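Chemist: Pasting a structure here, questions to come.
The values are calculated or read from the model by the stated rules, or taken from the named source; none is laboratory data. Keep in mind that what you see is a predicted model, and the values were worked out from it rather than measured. Don't worry about glycine lacking a Cβ; one is built from the backbone with ideal geometry, like all the others, and counts go over all protein chains shown.
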Amino acid sequence: MSEKPPAVRPLAANRKALHEYHVLERLEAGLVLTGTEVKSCRAGRVQLREGYVDFRGNEAWLVGVHITGYEPGSRDNPPPERERKLLLARREIDRFAGRARAKGFTVVPLSLYLKGSRIKLEIALVQGKQMHDKRETERRRELEREARRAMAGERD
């Protein structure tokens with residue numbers, strides 16, 4: 001008997017990052033959270049928009065991500081904007097940290113999701129887009145949307 005892969009349920013996404021950056025490489029990371037933070041994440045009370053990954057020593061830290069406090073756990077709630085440690089293999093940390101030190105590159109969170117019973121974070125090595133790149137992406141999206149509409153119109 002083969003085992004089924006764990007179900008993946010999205011909790012939060014950083015759609016702005018896909019507009020602002022060229023995604024070069026993606027990676028799945030674990031996240032060190034407290035019990036009340038896990039409950040808030042499961043409720044979808046997370047904002048990834050301003051987040052980034054900082055490399056200090058041999059560790060990776062998630063900075064600028066807002067996890068709203070869990071109401072029933074009022075006294076046990078940590079600060080919403082605290083830095084959270086990422087769980088990555090040493091080789092992955094070294095590779096991403098080395099590439100992120102290059103000019104114009106950074107590591108940002110793309111999505112937070114539930115994989116089985118664990119909360120995982122998809123991070124990506126990215127490079128900032130120029131304004132003309134953003135306009136080109138919008139133009140291409142609009143053309144694809146019009147083509148889909150035209151194809152749907154032909155079927156009717």
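Chemist: Of all the residues that make up the range 101-118, how many are buried (at least 19 other Cβ atoms within 10 Å of the Cβ) and of a type in the set (A, V, I, L, M)?
Modeler: Number satisfying all stated conditions: 4.
Chemist: From L62, L11, L24, L31, grab the single residue that is more than 13 Å from the chain's Cα centre (by Cα) and within 19 Å of L110 (Cβ to Cβ). Please lay out each step first, then the result.
Modeler: Values: L62 fails: more than 13 Å from the chain's Cα centre (by Cα); L11 fails: more than 13 Å from the chain's Cα centre (by Cα); L31 fails: more than 13 Å from the chain's Cα centre (by Cα).
Sole residue among the options that is more than 13 Å from the chain's Cα centre (by Cα) and within 19 Å of L110 (Cβ to Cβ): L24.
Chemist: Would you mind stating whether S74 is of a type in the set (S, T, N, Q) and under 30 Å from K4 (Cβ atoms)? Show your work before the answer.
Modeler: On the way: of a type in the set (S, T, N, Q): yes; under 30 Å from K4 (Cβ atoms): no.
Against the criterion (of a type in the set (S, T, N, Q) and under 30 Å from K4 (Cβ atoms)), S74 does not qualify.
Chemist: Also, quick follow-up: For the range 95-145, what are the residues that are among the β-branched types (V, I, T) and modelled with pLDDT of 90 or more?
Modeler: Quick first cut of the range 95-145, residues among the β-branched types (V, I, T) only: 106-108, 119, 123, 126, 137.
Matches in the range 95-145: T106, V107, V108, I119, I123, V126.
Chemist: Next question. Would you check which residues across the range 1-36 are touching a residue at least 12 places away in the same chain (Cβ under 8 Å), over 14 Å from L62 (Cα atoms) and charged (D, E, K, R) and list them?
Modeler: Selection gives R9, K16, E20, E25, R26.
Chemist: Are there any pairs, at least 6 apart or on different chains, whose C-beta atoms fall under 6 Å, with the first in the range 77-91 and without any contact (Cβ under 8 Å) to a residue 40 or more places away in the chain and closer than 15 Å to V38 by Cα and the second assigned to a loop (DSSP other than H, G, I, E, B) and polar (S, T, N, Q), and if so, which?
Modeler: Correct list of pairs: P80/T68.
Chemist: Give the range 101-145 a look and list any residue that's more than 24 Å from P10 (Cα to Cα), part of a strand (DSSP E or B) and not aromatic (F, W, Y), or say none. So that I can check it myself, show each step before the final result.
Modeler: We begin by selecting, within the range 101-145, every residue more than 24 Å from P10 (Cα to Cα); these are 101-105, 127-140, 142-145.
Now restrict to residues that are part of a strand (DSSP E or B): 105, 127-128.
Within the range 101-145, Q127, G128 qualify.
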